[in-house]
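Colleague: One structure, as C-alpha cells, below. Some questions next.
The values are calculated or read from the model by the stated rules, or taken from the named source; none is laboratory data. If you're wondering where the values come from, they're calculated on a predicted model, not measured in any experiment. As a convention, Cβ positions derive from the backbone with ideal geometry for all residues, glycine included, and neighbour counts pool all protein chains shown.
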C-alpha cells in the first residue's frame, strides 16, 4: 500500500493494521480497542492508576511511554517536528498536525448543534459547553464555575493577587497575558485594530467594537425599564444609576456621592482647586 519496508514480519503485520483499521486488542474494562498489545497495556494503566514510566530528571511519572518521551523534550529542548510552511518547530507530532490546520484552513471537528467547525478537538469540547451549560471547573474559594480550565486559572488570581505577567518597560504587572499585550501597545504606540470604514485604529479590540457602533448605528445595550438604547455598556450602567437614584461614586474627602464617575472626577477637581485657594489665603494671612 505505502511501500514501507520492515526488518521483521511482525513489524509489517503491526504496520498493516494502520491501513486496515484492525484493532484486535480490547480493554476488558472499557472495551476500547487497540492495534498493538503495548498500546493496550499502556491504556490499562489508566484503570489501575499505575505509572511505570518515570522521568530521570524530575521524576514525574506517566502511564504511557509515549507521554514520557514527549515530556523528556521539555528538559532536552528537542523540537523534532517542523512545519514545512513556516518552519515553526514542535516537540510532538500532534501539535504540528494542529498547527498545520492554520495554514490549510482545515476544521475537521464540527458542532452537531450549530455546525460551527474547529481545527482542534479540545476547542469543540469547550464550545459544546455553551449549548449544554456545563461548567465543570469550580473555584474552591467562591464556588464560581467555569466552562474552561484556563478561565478558572485566571479567576483564581483575583483571590491570590498573583500577577505573573510583567511589563519590561514600566514593570507594571498583570494577572492575564492578553492584558499585558494590550498594555504594551501604550509603550509601542501600536494600534493593530483598524476600522474598515474610516481606518481609525485602536490599541484594544474592544474599543474598535465600540467605535464600529458609530458607523452601524447599532445600540445593543437597552434599558429594560424605559427601553432607551446605548452604544456602550458603561453608558447604560450610568443611565441605570441616574434612574434609580444610585450614587455609587463617593468622594474620599467629603463623602459626597455621585451617580457617575465623571461627576465625581469633576467634583474632585473643583474641590482640589478650592483647597488650593484656601491654602493660598492661609499663606497670605501668615505673611501679614
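Colleague: For region 45-64, what are the residues that are in a helix (DSSP H, G or I) and at pLDDT 90 or above?
Modeller: 47, 48
Colleague: Right, here's the next one. Would you please name the residue that is surrounded by the fewest Cβ atoms within 10 Å (Cβ to Cβ), looking only at residues in region 178-192 that are assigned to a helix (DSSP H, G or I) and under 21 Å from the mean Cα position of the chain (by Cα)?
Modeller: 178
Colleague: Out of all the residues in region 145-171, which are surrounded by fewer than 14 Cβ atoms within 10 Å (Cβ to Cβ), in a loop (DSSP other than H, G, I, E, B) and over 15 Å from the mean Cα position of the chain (by Cα)?
Modeller: Across region 145-171, the qualifying residues are 161, 162, 168, 169, 170, 171.
Colleague: Follow-up. Please give the number of the condition residue 4 fails out of (1) at pLDDT 90 or above; (2) more than 25 Å from residue 121 (Cα to Cα); (3) assigned to a loop (DSSP other than H, G, I, E, B).
Modeller: With respect to (1) at pLDDT 90 or above; (2) more than 25 Å from residue 121 (Cα to Cα); (3) assigned to a loop (DSSP other than H, G, I, E, B), residue 4 is out only on (1).
Colleague: Filter region 115-129 down to the residues that are assigned to a helix (DSSP H, G or I) and over 16 Å from the mean Cα position of the chain (by Cα), then identify the one that is surrounded by the fewest Cβ atoms within 10 Å (Cβ to Cβ).
Modeller: 121
Colleague: Please determine, by comparing only the residues of region 32-77 that are exposed (fewer than 12 other Cβ atoms within 10 Å of the Cβ) and under 28 Å from residue 100 (Cα atoms), which one is farthest from the chain's Cα centre (by Cα).
Modeller: Looking at the filtered set, the residue picked out is 76.
Colleague: I'd like to verify a number: residues in region 7-31 that are in a loop (DSSP other than H, G, I, E, B) and either loosely packed, with under 10 Cβ neighbours inside 10 Å or touching a strand residue (DSSP E or B) at 6+ places or on another chain (Cβ under 7 Å) (or both), how many?
Modeller: Residues meeting the conditions: 6.
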